[in-house]
Amino acid sequence: MFGYRVPAPDEAMLISGGRRGLGGAPFRVVTGHGKFVLPVFRKVRFLTLSMCEAEVTETCVTKQGIALHVRAVIAFKVGNDSESIINAGQRFLSDQEQMSVLTGRIFAGHLRAIIGSMTVEEIVTERQKLAAEVLDTSKTEMAKIGLIVDSLQIQSIDDGDTGYIDAMSAPHKAAIQRQAQIAQAQANQAAAEAEQDAARKQAEYARQTAVVRAEYSAQVDRAQAEAAQAGPLAQAHAQQEVLAAQTELAQRQAKLRQQQLVAEVVKPAEAEAERVRILAAAEAQRMRIQAEAAASHDRVALDRMLIDQLPLIVKEAAGGLAGANVNVLNGADGLGEIAAGLVAQGLTILDSVRQNLNGQNSQGGQKTADRPEQVNGRLELQGPRADERETGGEK
């Protein structure tokens with residue numbers, strides 16, 4: 001639109017003519033928006049607010065009297081506030097390139113002054129401190145001309161041909177070289193150890209691989225051997241099972257045959273033997289009963305015969321006394337005693353005969369040599385003949 005002017009984002013629009021600006025400034029400051037400007041009656045100019053750069057290359061003398069060539073770079077710009085824009089516009093609006101030249105000169109002076117109060121060691125080792133002191137001392141002067149410094153960088157410090165910085169850095173270089181050599185030696189040692197460890201691991205891996213292969217080969221061989229033996233072993237097991245079954249069958253057949261023999265031979269034989277034994281026992285019992293009956297009959301008959309012959313026995317005994325010279329002292333009583341004695345002898349003989357008969361009958365009822373018999377009406381004991389008794393049984 002005709003008469004409407006808008007400044008760029010990094011510019012400040014300065015409108016001169018008409019009423020004055022802030023603080024009695026000869027122009028008004030417009031930033032960030034547009035404004036109607038009457039042609040012919042108003043004049044518009046633009047002041048840059050972008051970042052500017054100034055380079056300083058200066059030879060400075062240190063506190064030790066050693067000349068140093070210092071190169072620094074300053075980054076600066078016009079302040080964003082109206083006061084800084086007015087200050088910078090009044091000084092640099094017609095020639096804005098002068099801002100870099102003037103800034104470089106200002107910083108060069110401050111840089112010489114601050115380096116003159118420091119040693120080479122401090123300057124070399126404390127560059128940041130040097131930059132901070134230069135900024136602090138130049139801040140007030142830069143604000144007066146409407147400029148602010150964003151940064152100051154000391155890019156290089158050179159002592160020329162004096163070799164002071166090299167001499168100063170020699171111990172550090174030697175230490176660094178020594179540390180580098182040590183580090184290199186350590187690295188070589190670590191590399192050698194790593195190689196040894198790798199070789200050891202490779203050998204261990206090779207050994208384990210060989211062991212695994214050997215075990216695998218042994219397993220394969222064992223499996224093949226077992227597979228080769230599987231058929232004969234199975235056949236042998238089968239034959240063994242057949243033999244065991246045949247043995248068991250033979251044992252069962254033998255046991256069955258034994259049972260059959262027991263049932264067919266032993267049991268009938270035992271039954272027959274038991275029958276014969278029972279019959280023999282019965283026959284023996286019968287004969288014993290008959291013998292006891294016969295013996296009992298004979299004893300009864302013998303007792304009767306002995307009783308019948310008792311008077312005869314007494315008579316014979318008394319006859320034996322006929323030729324004897326017997327003195328009777330007590331008369332009739334004495335005779336009675338003799339008769340009583342004869343009778344007692346007869347009874348004793350009767351008891352002896354009876355006991356002998358009982359003993360012989362207990363031995364099976366057989367007839368003994370002492371069995372009494374009645375001969376010619378007399379009781380005689382049958383035994384060895386008189387001539388055998390006298391000769392000891394010889395004829």
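So here's what we get for this one:
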item	result
Dipole-positive endmost among V73, T59, F92 within region 54-97 (Cβ charges, Cα centre)	T59
28 Å Cα-Cα threshold exceeded, pairs from K43/K77; K35/K139; K173/K201; K129/K173; K43/K139	K35/K139; K173/K201; K43/K139
Cβ-defined net charge surrounding A234, 14 Å radius [Lys, Arg +1; Asp, Glu -1]	-2
Shape metrics for region 178-283, restricted to C-alpha atoms - Rg then Dmax, Å	42.2, 140
Rg/Rh ratio calculated on Cα atoms of region 62-138 (Kirkwood radius)	1.08
Per-residue SASA entry for S82, accessible area with 1.4 Å probe, Å² rounded to 10	50
Cα-projected label distance for Q253 with M287, points at 7 Å along beta-carbon direction, nm	4.9
R0 of 41 Å, Cβ-Cβ distance E97-H172: FRET efficiency to nearest 0.05	0.45
Cα gyration tensor, region 1-153 - rounded (a/c under 1.5), prolate or oblate	prolate
Mean-position separation - Cα centroids, region 93-165 and region 171-215, in angstrom	51
Sequence of F46, F41 from largest to smallest accessible area, 1.4 Å probe	F41, F46
Extension gain (nm, one decimal) between Y216 and K63, 0.36 nm per residue minus Cα-Cα	46.7 nm
Assigned charges on the beta-carbon of Lys, Arg, Asp, Glu; region 9-132 dipole about Cα centre (debye)	640
Simple label model, 7 Å out from Cα along Cβ direction - A203 to Q181, nm	3.3
Accessible surface of D166 - all protein chains present, 1.4 Å probe, nearest 10 Å²	90
Residues Q260 and E226, FRET efficiency given R0 of 51 Å [Cβ-Cβ distance, rounded to 0.05]	0.60
Sum of side-chain charges, K35 neighbourhood, beta-carbon under 11 Å (Lys, Arg +1; Asp, Glu -1)	+3
Radius 14 Å from Cβ of S50, net charge of other residues (Lys, Arg +1; Asp, Glu -1)	-4
Three-way shape label, region 85-193, alpha-carbon gyration tensor, a/c 1.5	prolate
Cα coordinate range in region 39-84, projected on the principal axes (Å, largest first)	62, 20, 15
Percent carbon-and-sulfur accessible area, region 68-204, ignoring ligands, DNA and RNA, probe 1.4 Å	50
Extreme residue, positive dipole direction of region 123-278, given options I148, V266, Q128 (C-beta unit charges)	V266
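The values are calculated or read from the model by the stated rules, or taken from the named source; none is laboratory data. Computed from a prediction, not measured in an experiment: that's the story for all the values here. Neighbour counts are summed over all protein chains in view; Cβ atoms, including those assigned to glycine, are modelled from backbone coordinates with ideal geometry. Side chains are part of the model used for accessible areas, which takes the heavy atoms of the whole protein and leaves out ligands, DNA and RNA. Shrake-Rupley method; radii C 1.70, N 1.55, O 1.52, S 1.80 Å.
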